[in-house]
Amino acid sequence: MVMSTHIKLPKFDEEIATGSKSIVEQLLRQRLYYDGVVISDDLQMKGAAILGEIGERTIKAFNAGHDLLLFGQNSDSAMEAFEHFKGAFRRGEISKERISKSIERISALKFKIAKSVLF
């Protein structure tokens, strides 16, 4: 698993890494051939605020290529983000294929962990 952070890499994108498809999908997955799970840093951190309100951060981070989104400071805010995520899916801002890719990567990680513990 790889965790991104809320930094700018101006040689790749003007957006912070958390919201950058250029960094997560193109650099990490395509150029570096990483096919595992990518988790965001806490989307409630001040560094992520540049992406917008909590719901916008959620959509931008997921569509950038993150499989897991971290919310560690406030459960009400996390639930707001979840509701925004569901609405974005209904509006077509997030595709079934994109969700399926994340589920496949998360399932593969769970299998690897279970296998290492059981065998």
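Just so you know, all these numbers are worked out from the coordinates, no wet-lab data involved. This one's a predicted model, so the numbers in the text were calculated from it and none came from an experiment. Using ideal geometry, Cβ is built from the backbone for each residue, glycine included, and neighbour counts are taken over all protein chains shown.
Per residue, how big is the convex hull around the C-alpha atoms of the chain? Give it to me in cubic angstrom, could you? Each step should come with its number before you reach the end.
On the way: hull volume 13.3 nm³, N = 119.
Expressed per residue, the convex hull around the Cα atoms of the chain is 112 Å³.
Whats the longest run of the chain with zero GluC sites (Glu not before Pro) that are DSSP loop and have at most 12 other Cβ atoms within 10 Å?
Working: sites that count: Glu14, Glu53.
My reading of the result: 54-119 is the longest stretch.
Could you give the dipole magnitude of region 2-118 about its Cα centre, charging the beta-carbon of Lys and Arg +1 and that of Asp and Glu -1, in debye to the nearest 20?
480
Could you pull out every residue, at least 5 positions away or on a different chain, whose amide H is within less than 5 Å of the one on Met3? Hs are placed 1.01 Å off N in the peptide plane, and Pro or chain starts have none.
Ile39
To make sure I understand the rule: partners must be lysines, Cα under 30 Å from the Cα of Lys110, and not fewer than 8 residues away in the same chain. Which ones qualify?
Reachable lysines: Lys21, Lys60, Lys86, Lys96, Lys101.
How many Å³ per residue does the convex hull of the Cα positions in region 32-91 occupy?
Numbers: hull volume 5.4 nm³, N = 60.
Roughly 90 Å³ of hull volume per residue.
Separation of region 88-106 and region 19-60 by C-alpha centroid, Å?
Comparing the Cα centres of region 88-106 and region 19-60, I get a distance of 15 Å.
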